[in-house]
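A short worksheet on the structure shown next.
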Amino acid sequence: MPETKSTGLAVTSITPGTIPENGHLNATVPDPDPLETLTGLPNGEMKIKSYEMAQQPCNGRRISVDEAIAPTKLDLNSRTSRETLRAPLRNEMNITIERQSQYTQTTARSSGMDRLGYTESHTIAIPEPYSQTEVTGIDRHNQQTLTSRHRFARRNSFNIGPQKRKSRAKSNDRYLIPGQRVVEGHHNYVMAYNMITGIRVAVSRCSKLPGPIKDEDFTNVSKLIFDMEGNTMTPSTKYEFKFKDYAPEVFRHLRSRFNIDQADYLLSLTERVSLTELGSPGKSGSFFYYSRDYKFIIKTIHHSEHKHLRRCLKQYYEYVEKNPQTFICQFYGLHRLKMHFTTGIHKVHFLVMNNIFPPHRDLHEKFDLKGSTHGRFTDVSAAKAQGKTSIVQKDLNWLQDHHRLNFGPTKRKQIVSQLKNDVQLLETLNIMDYSFLIGIHDLTLATQHDPYNQLSNFDPPEIRQQSASTASDGYFDSDGGIRATDEQDNELPIVYYMGVIDCLTNYSTFKKLETFFRTLNHRRETISAVPPVEYGQRFLRFIETAMKPTSKSA
């Protein structure tokens, strides 16, 4: 059979209309593919036209190449054209990712991403406290407090954990109850914790045998850094802070000179955080923290007082060595604390001193005497109406009620002589504005309140034992009191506890200006801000007058 040429015809379908009369099939020749006409074009331009033709709706009819590419003329150098070519690939990738995500949620095991802080769409989950939302002032503070709990970087800042926000209320609303215990949650707990922690470590490091004091010991400063990990110098602590101990060997000798045992000193201050806070009754704004047994006081001081004590420390040390019966308050340590407060990093200067008033005695009256009269009055009735139990009266109260110090000729001469030496030292150190603190313990009233056991008059055995070595040296009793005597030097049922306090105020330029402006409206002899020599002479006259015998006692 002869071979026939293939005509290249394609039979698409057979219908009654396709059967001709002669019985032969009619072949339908399809239109040529418009893409075949693109073979002569460059490769890149052919792909662009192919894509454009595929995107054009044909509506059931064939369109030519020119019609397909007529709406848009693509240029390979155009960014829009390149993005147009990438669009199909990007859509396919999104579809693939979506299918894989659905498959993972339904069939595949969890990869653990949800447990690592990721959402279902595999993005990082932002915690609520860090989300950017509209918050109130209190909520914003809570967020800042939460952020501050994270440790600070190794810079000049130190994290001490959450701090209470400072109240914006008036000072009357922030009145501190006298004798308020500093426990966890107290607004000054962190500061008190850091204070006693620094004291414990600094004092414990002075364990070598004491030697003679040298000149460099007065300027020596011991620096300690406390953090949560601890190091070879300091143990680990709850908060991070820096601590400075000034002249540790000098104050160690002073404690020994004042008969303070090193172990008792540490046990009283640092056995646990059990300090008692008392707001300052004066205008200095200092805080007082009593130790657990009320023997020692931690007092915050201004930076100017801190510098003045360091300048005059050598003279103070030499004076105490020669005058063990001095009335000037006893200093046991000078320290500085650097820590992070809510308002930033601050330095707190404080010292440890003796408590003139003993904890085991009931003091029936207290006086703070300066020798001046302007503003030196305490309204006792108003204070009692407010519920205050520890009331300190002043100069005008002393003069108004005609009080006096009952001492016979022997003790009066000794006390006046010692006070003159003390005032002379304070004048030399350019110090003024100090006061004479007096606490009166009436044995008769104490017996009436406790008629059977007389606990307020009881001395423990260790105090009675110590009395044998200290009381015989001078006029002080075992607990620091002075027994009243009549003109025949016979003992009276009254014990006085006395001392010179607030003796770190330097007569600076600021005080000189205060003297000038005070004298414009008041008489000079009534104000407190006067030069040290003038202040000391007036102070001595007032105390001597208070000890002069009356005609009745004589």
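The values are calculated or read from the model by the stated rules, or taken from the named source; none is laboratory data. Keep in mind the model is a prediction, meaning the values are calculated, not measured. Cβ placement follows ideal geometry from the backbone for every residue including glycine, while neighbour counts extend to all protein chains displayed.
So that you can scan it fast, the table gives a plain yes or no per residue for (1) modelled with pLDDT under 90; (2) farther than 24 Å from G387 by Cα; (3) part of a loop (DSSP other than H, G, I, E, B):
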residue: I160; (1), (2), (3): yes, yes, yes
residue: D173; (1), (2), (3): yes, no, no
residue: I177; (1), (2), (3): yes, no, yes
residue: H186; (1), (2), (3): yes, no, yes
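Results for (1) out of contact with any helix residue (DSSP H, G or I) (no Cβ under 8 Å at 6 or more places or on another chain); (2) farther than 17 Å from F542 by Cβ; (3) assigned to a strand (DSSP E or B), shown as yes or no for each residue.
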| residue | (1), (2), (3) |
| --- | --- |
| L363 | yes, yes, no |
| G375 | yes, no, no |
| G387 | yes, yes, no |
| I391 | no, yes, no |
| L399 | yes, no, no |
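Residue under question is T410, and the condition is that it be modelled with pLDDT under 95, in contact with a strand residue (DSSP E or B) (Cβ under 7 Å, 6 or more places away or on another chain) and exposed (fewer than 15 other Cβ atoms within 10 Å of the Cβ); does it hold?
Spelling it out, it is not the case that T410 is modelled with pLDDT under 95, in contact with a strand residue (DSSP E or B) (Cβ under 7 Å, 6 or more places away or on another chain) and exposed (fewer than 15 other Cβ atoms within 10 Å of the Cβ).
Output yes when any residue across the stretch 204-224 is surrounded by 20 or more Cβ atoms within 10 Å (Cβ to Cβ) and either assigned by TED's automatic domain parsing to the domain that holds F350 or not in a loop (DSSP other than H, G, I, E, B) (or both), and no when none is.
No, there is no match, as no residue in the stretch 204-224 is surrounded by 20 or more Cβ atoms within 10 Å (Cβ to Cβ) and either assigned by TED's automatic domain parsing to the domain that holds F350 or not in a loop (DSSP other than H, G, I, E, B) (or both).
Would you mind listing the helices (runs of 4 or more DSSP H) fully within the stretch 440-554 where at least 3 residues are over 24 Å from D395 (Cα atoms), outside the structural domain of D368 (by TED's automatic domain parsing) and at pLDDT 90 or above? Reasoning before the result, please.
Values: elements: 443-449, 461-470, 509-521, 532-547.
Result: empty, no element qualifies.
Within the stretch 376-400, track down each residue that is surrounded by fewer than 16 Cβ atoms within 10 Å (Cβ to Cβ) and either on the phi > 0 side of the Ramachandran plot or among the aromatic types (F, W, Y) (or both).
F377, G387
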